[in-house]
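Please treat every number below as a calculation from the coordinates, not as lab data. Note that this is a predicted model, so its numbers are computed, not measured. Cβ coordinates were reconstructed from backbone atoms using ideal geometry, including for glycine residues, and neighbour counts include every protein chain displayed.
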Amino acid sequence: MATFNTSLRESGKTSIIDISGDLDAHTSIQLERAIQDLIDKGRTNIIINFSKLNYISSAGLGVFMSFIDEVRSKGGDIKFSNMPEKIFQVFDLLGFPLLYEIYDDEHKAIEKFQTTAS
Amino acid sequence: MAEEFKAELTIQSSVEQLESIRNFVSKAAEAFGFEERDGYKIVLAVDEACSNIIRHGYGKNSDEKLHIVIQTAENRFIVTVNDNGKSYDIRTHPLPDMEAYLAAKKSGGLGIKLIRSLVDEIEYEQSNGENKLVLTKRLPAR
């Protein structure tokens with residue numbers, strides 16, 4: 001049984017999802033649910049903190065692709081932080097840094113949301 | 001790993017088994033001498049290939065099986081995935097232009113692009129209803 005967990009923290013209007021374990025074709029549904037729950041609550045300033053993520057495959061990348069338009073159309077964004085180098089290489093290989101903001105520190109991502117808030 | 005190595009794994013066709021496949025490949029890749037970064041690449045390539053077979057080749061029918069063989073020869077780490085599902089040659093799959101792909105925010109089809117970026121050689125054979133995909137990654141020169 002692949003281990004993957006999401007846990008949610010909040011910092012003002014920003015929601016932070018900590019993800020840990022292996023994000024693959026089996027576990028990606030859990031991340032889908034976590035992001036969908038936030039959107040349903042109208043919370044679209046979302047940071048994904050990758051510091052405890054061990055593994056990601058294209059199924060995990062696909063989750064971010066499937067939500068980004070909806071989140072941005074509602075005035076929010078999905079930003080990434082604290083990405084281990086082995087995880088970043090997968091994003092980099094597919095050109096994802098062109099589409100998503102990736103921060104080495106979660107606080108910088110929170111600040112970015114605060115400075116761009118209307 | 002000085003001498004040549006061979007290991008085999010047969011598993012049910014289910015995405016729940018992907019972690020077992022990754023553990024199997026990861027242990028062998030580490031023993032072979034891949035650094036973490038390159039070990040991740042071959043593990044990911046095999047995961048993507050098996051995930052495609054499970055979801056598309058077998059249409060999520062978990063009664064089916066995949067047979068995976070890892071062999072090493074000199075500096076080559078060779079992973080062979082055998083299945084009896086719908087055949088598909090990933091070498092002929094048209095690759096998306098990533099800039100246009102990202103602009104269109106599509107969410108599928110990244111696996112084959114990854115496989116082709118992650119390994120050095122891809123071979124594919126189909127005969128008598130059996131598919132054989134061979135992914136080879138070479139140990140970088142030190």
For residue A:76, enumerate residues with amide H under 5 Å from its amide H, sequence gap 5+ or separate chain, H modeled in the peptide plane. none
What average count of beta carbons from other chains do you get within 10 Å of the Cβ of residues in B:34-45? 3
Long-range amide H partners of residue A:16 with built H, under 5 Å: A:9, A:10, A:11, A:47
Check which residues have an amide H placed less than 5 Å from residue A:52's amide H, if you skip close sequence neighbours. A:19
Based on DSSP, what percent of beta bridges with both residues in the protein assembly as shown are antiparallel, to the nearest 5? 70 percent
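Does region A:4-110 come out rounded, prolate or oblate by the C-alpha gyration tensor, with a ≥ b ≥ c the root eigenvalues, rounded set by a/c under 1.5 and, if not, prolate when a/b is larger than b/c and oblate if not?
Verdict is rounded for region A:4-110.
Write out the chymotrypsin sites (Phe, Trp or Tyr not before Pro) in region B:1-86 meeting two conditions: DSSP loop, and at most 15 other Cβ atoms within 10 Å of their Cβ.
Those satisfying the criteria are B:5.
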With the contact rule set at Cα under 8 Å and sequence spacing of 6 or more, what percent relative contact order holds for chain B? 27 percent
In region B:65-142, the GluC sites (Glu not before Pro) that fall in loop regions by DSSP, at most 10 other Cβ within 10 Å: B:74
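Over region A:16-118, what is the mean sequence separation of C-alpha contacts under 8 Å (at least six apart), divided by residue count, expressed as relative contact order in percent? Kindly include the intermediate steps, with their values, before the conclusion.
Numbers: 138 pairs, mean separation 30.0, N = 103.
After rounding, I find 29 percent.
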Within a 10 angstrom radius of each residue's Cβ in A:54-66, how many Cβ atoms of other chains show up on average? Whole number is fine. 6
Please report the antiparallel percentage of the DSSP beta bridges confined to region A:4-110, to the nearest 5. 35 percent
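Sum -39500 (n - 2.57) across every DSSP H segment of at least 4 residues in chain B, then divide by the residue count to get the 222 nm mean residue ellipticity, nearest 500.
About -10500 deg cm²/dmol.
Taking neighbour counts of Cβ atoms within 10 Å as a proxy for exposure, in what order, fewest first, do B:98, A:83 appear?
B:98, A:83
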The alpha-carbon center of region A:50-86 and that of region B:20-61 are separated, in whole Å, by 22 Å
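Among the listed pairs A:74/B:86; A:52/B:137; A:41/B:113, give every one whose C-alpha distance is greater than 29 Å.
Values: A:74/B:86 41 Å; A:52/B:137 27 Å; A:41/B:113 35 Å.
Result: A:74/B:86; A:41/B:113 exceed 29 Å.
Quick check on chain B: take the gyration tensor over C-alpha atoms, sort the square-rooted eigenvalues as a ≥ b ≥ c, and tell me if it's rounded (a/c under 1.5), prolate or oblate.
Values: a/c = 1.70, a/b = 1.18, b/c = 1.44.
Oblate shape, in that a/c is at least 1.5 and b/c is the bigger or equal ratio.
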